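Q: Sharing a structure, written as structure tokens. Questions coming.
The values are calculated or read from the model by the stated rules, or taken from the named source; none is laboratory data. Keep in mind that this is a model prediction, so the values were computed, not measured. Note that we place each Cβ from the backbone using ideal geometry, even for glycine, and neighbour counts take in every protein chain shown.
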Amino acid sequence: MGVKRWLDAWPVYRQLTGTDPLGRGKAAQSARSAALTPRTDTADRVADSVCPFCAVGCAQRVYVKDEKVVQIEGNPDSPISRGRLCPKGSASKQLVTGPQREHKVRYRPPYATEWQDLDLDTAVDMVVDRVLDARRKGWQDTDESGRKLRRTMGIASLGGATLDNEENYLIKKLFTALGALQVENQARI
Ligand code: SF4
């Protein structure tokens with residue numbers, strides 16, 4: 001190896017003599033990392049999306065290769081997040097590809113010790129039955145003086161931080177239409 005090549009392999013030499021005096025770019029790059037290709041370069045297409053974790057709604061770019069998600073990055077075109085993602089959003093590829101992702105509805109009946117797999121239609125029907133039953137059982141038509149109430153105390157909604165404005169709007173509409181008073185959200189962002 002010539003002296004120049006030997007010196008060029010030395011990061012501090014590149015930092016002192018090159019165009020990267022702070023040593024945060026090329027000067028600090030190893031030969032191995034220089035030879036790597038980012039997954040974003042090999043994707044077939046990129047889909048715009050929104051991080052599902054919280055109500056901030058940071059914009060994402062979802063990189064897809066062979067119809068599989070290979071990387072998720074922040075979208076710099078977003079005026080809200082300007083390309084940034086917090087650690088949860090940065091790790092959201094695992095939501096799609098992680099081995100612990102559930103692909104079926106899991107149901108554990110009261111007092112059972114084992115989980116069952118349900119198809120989605122069955123699960124939705126079960127939720128509907130329970131909501132209507134609880135609504136009916138908790139229905140209050142009038143108060144003790146005969147004044148109209150027309151409400152149910154049998155159901156309530158507690159939203160989570162992943163719900164965005166539009167989802168919360170629809171939840172409020174739905175539960176108010178059902179006669180529920182107790183509609184609340186955990187998020188305080
Ligand atoms: S979880 Fe993080 S990346 Fe996702 S929307 Fe919230 S702040 Fe943004």
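Q: Of everything in the range 122-155, what is under 24 Å from the mean Cα position of the chain (by Cα) and either in the same structural domain as L181 (by TED's automatic domain parsing) or over 18 Å from L178 (Cβ atoms) (or both)? Give them in sequence order. Full working, then the answer.
A: Here is the first cut: in the range 122-155, the ones under 24 Å from the mean Cα position of the chain (by Cα) are 123-124, 127.
If the condition is that a residue be under 24 Å from the mean Cα position of the chain (by Cα) and either in the same structural domain as L181 (by TED's automatic domain parsing) or over 18 Å from L178 (Cβ atoms) (or both), then A123 is the only one that fits.
Q: Within the range 82-89, identify whether any single residue is small (G, A, S), under 30 Å from V64 (Cα atoms), modelled with pLDDT of 95 or more and assigned to a loop (DSSP other than H, G, I, E, B), and answer yes or no.
A: The answer is yes; a qualifying residue exists.
Q: Still on this model: Restricting to the range 48-71, what's the tally of residues that are at positive phi, free of Cβ contacts under 8 Å to residues at least 60 places away in the same chain and within 13 Å of the ligand (Cβ to nearest atom)?
A: Of the residues in the range 48-71, 0 are at positive phi, free of Cβ contacts under 8 Å to residues at least 60 places away in the same chain and within 13 Å of the ligand (Cβ to nearest atom).
Q: Those residues that are crowded, with 16+ Cβ neighbours inside 10 Å and part of a helix (DSSP H, G or I), I need them from the range 144-170; list them, please.
A: Within the range 144-170, N168 is the sole residue that qualifies.
Q: Further question: Filter the range 78-105 down to residues that are surrounded by 11 or more Cβ atoms within 10 Å (Cβ to Cβ) and of a type in the set (D, E, K, R) and give me whichever is nearest to the ligand (Cβ to nearest atom).
A: Initial filter on the range 78-105 (surrounded by 11 or more Cβ atoms within 10 Å (Cβ to Cβ)): 78, 80-86, 88-97, 104-105.
Checking which are of a type in the set (D, E, K, R) leaves us with 82, 84, 88, 93, 104.
Numbers: R82: 11, R84: 7, K88: 4, K93: 12, K104: 25 Å.
By that ranking, first place goes to K88.
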